[in-house]
Amino acid sequence: MKGNNKLELLRNAPIPRALMSLGIPIMIGMLINALYNLVDAYFVGALGDSQMGAISIIFPLGQVVVGLGLMFGNGAASYLSRLLGSGDKDTANKVASTALYSSLLIGAIIILVTAIFLEPLLVMLGATETIMPYALTYGRIYVLSCIFNVFNVTMNNIVSSEGAAKTTMYALLLGAVLNIVLDPLFIYTFKMGVAGAAIATAISQMVSTLVYLVYVFQKRSAFTFNIKQFAPSLQMMTEILKIGIPTLAFQLLTSLSITLINRSANSYGDAVIAGMGAVTRITSMGTLVVFGFLKGFQPIAGFSYGAKKFDRLRGAIKTSIIWSTTFCLIVGLLMAIFSTQIISQFTDGNSEMISVGARSLRASGFSFILFGFYTVYSSLFLALGKGAAGFFLGVCRQGICFIPVILLLPAVWGINGILYAQPIADVMAAVITVFMALHLNKKLSIAEKMALSEKKQ
């Protein structure tokens, strides 16, 4: 019955209620998840700039591993929403099982290789001699624990596709709250330093995994996850990967962008790396909230498109743009106005780190206002199964726009080129989104006319 209620929410509930029911729980979960990343940085930052720099250097590695979960989870979620919309439950079960077990297998291989070659990877990511010992200590624990994160991210997307947003919220919320409690305990009470921060994160990820396992074993999911249903056919993997690969590319480019910032900041010292690391975590708090909300938008869009309910699809797009842009406007202005006060919380008083971080956060706050509009459409293309367009738009912000800017601008503008690279890329990506949105809306209008003519026949 619960499964039917979830599908009814996707099928007929008023758009604002459906978005609130599906998006808000995931948004809250991801907000808390982002908050514990900030808390991690807050407690580690008090240890010193080198320790703060260490977790900033490790951050891109975590994003790559999470990308594997997103590749299969988000790729499957788009397909699953459309399968549920068309009523094909048997194929949906096979897709869910194949996505989960594929992500765990490939994730385990990548994590093992990363653990073996951790030190040369850290050098490549921009670790200085003073940062390296702390980065190795933190990374050896953190990287191995990422297998739980791969499982959690994959399940997050699959469970969201069936409308069970509260389960995702509980899993993220429980893990995040636990991490906030354990961080000071392991770092200071047990005097474990950065190793304590990594252990706290590992335990928290394990607890989130347990929440999803209970959900599956109690058979509350619309899907079964039987190993016998692991059936990676060419057609199925094509459907998953045409959405999953753009999502992975987005994560890889996010990691690459952070790495390029760290490498550019390397010659300016640990304080600049630490300052930019703080900005990344603060802005990621806002971006994760938007992503979380749009996890509720995606199944509605995919289901409506699969069921050829174009009025419902348009309503979901319009409401999502208004709500996400309003959020981005408020958060962006707060980041811009209170940039110095915010950055000051992540250092023991280093004036250089505060100055660098505040200038970057101020500019990022103003450009963040555009993020909601951009993300609605990058999510929409993927939800509708339009892989090529979704791939292009997905890589715009952190790839096509950002990489040339971060490679060229510091050479002519010095440290300012590092601080303002992301805001400039954000503006460029938003302009591209406008043109792609206009083109997509024309195509949806044509598809709607064709659907209406088919009904009349």
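The values are calculated or read from the model by the stated rules, or taken from the named source; none is laboratory data. None of these values were measured; they are calculated from a predicted model. Every residue, glycine as well, gets a Cβ built from its backbone with ideal geometry; the counts of neighbours run over all protein chains shown. For the accessible areas, the whole protein counts, side chains as well, though only heavy atoms, and no ligand, DNA or RNA atoms are used. Shrake-Rupley method; radii C 1.70, N 1.55, O 1.52, S 1.80 Å.
Once you have a ≥ b ≥ c as the square roots of the Cα gyration tensor eigenvalues for the stretch 395-448, tell me rounded if a/c is under 1.5, and otherwise prolate or oblate according to whether a/b is larger than b/c. Here the stretch 395-448 falls in the prolate category.
For a test of the definition: using alpha carbon positions, the gyration tensor, and the 1.5 limit on a/c, classify the stretch 205-250 as rounded, prolate or oblate.
Because a/c hits 1.5 or more and a/b fails to exceed b/c, the stretch 205-250 counts as oblate.
Would you mind counting up the charge near D40? Only other residues with Cβ under 10 Å from its Cβ, with Lys and Arg at +1 and Asp and Glu at -1. So the environment of D40 carries a net charge of 0.
Grab the beta carbon distance between S453 and L234, set R0 = 41 Å, and tell me the FRET efficiency rounded to 0.05. The formula returns an efficiency of 0.80 here. The sum of -39500 (n - 2.57) across all DSSP H runs of n ≥ 4, divided by the residue count of the chain, sets its helix-only mean residue ellipticity at 222 nm to -29500 deg cm²/dmol.
Report, in whole Å, the centroid distance computed from the Cα atoms of the stretch 43-119 and the stretch 246-311. After rounding, the separation between the Cα centres reads 13 Å.
Spin-label model, A115/I227: points 7 Å from Cα along the beta carbon direction are separated by 2.0 nm. Rounded to 0.05, the FRET efficiency of the N12 and A46 pair, given R0 = 56 Å and the Cβ-Cβ distance, is 0.65.
Distance between Cα centroids, the stretch 401-457 to the stretch 350-377: provide it in whole Å. Value for the Cα centre distance between the two parts: 19 Å.
Note on surface exposure: L408, L144, L382, L234 rank L234, L408, L144, L382 by accessible area, highest first, 1.4 Å probe.
Per residue, what accessible area does the chain have, given a 1.4 Å probe and all protein chains present, in Å²?
39
Each part reduced to its alpha carbon centroid, the stretch 171-198 and the stretch 120-146 end up 19 Å apart. According to a simple spin-label model (label point 7 Å from Cα along Cα-to-Cβ), what is the distance in nm between L136 and S445? With each label placed 7 Å out from Cα toward Cβ, I get 6.2 nm. Ranked by the mean number of other Cβ atoms within 10 Å of their residues, highest first, the peptides 106-114, 282-290 come out as 282-290, 106-114. Under the simplified labelling scheme, the K89-V427 pair shows an inter-label distance of 5.4 nm, with each label point 7 Å from Cα along Cα→Cβ.
Apply 1/(1 + (r/R0)^6) to the Cβ-Cβ distance of F338 and F190, taking R0 = 30 Å, and write down the FRET efficiency to the nearest 0.05.
0.35
Of the peptides 214-226, 171-183, the order by per-residue mean of other Cβ atoms within 10 Å, starting with the highest, comes out as 171-183, 214-226. Here K191 is the anchor, and no lysines lie within straight C-alpha reach of less than 16 Å, apart from those fewer than 8 places off in the same chain. Is any helix in the chain, taking whole DSSP H runs, at least 24 angstrom long along its axis by alpha carbon and on average at least 1.6 on the Kyte-Doolittle scale, and which ones? Helices passing the filter in the chain: 193-217.
Computed in the context of the full set of protein chains, the accessible area of the chain at 1.4 Å probe radius has 69% of its extent on carbon or sulfur.
Seen through its C-alpha gyration tensor, with square-root eigenvalues sorted a ≥ b ≥ c, the stretch 15-145 comes out oblate because a/c lies at 1.5 or above while a/b is not bigger than b/c. Of K166/K309; K94/K449; K89/K166; K219/K308; K89/K309, which ones are farther than 28 Å apart at the Cα? Table pairs above 28 Å Cα-Cα are K94/K449; K219/K308. For the peptides 201-213, 237-249, the ranking by mean Cβ contacts within 10 Å, running from highest to lowest, is 237-249, 201-213.
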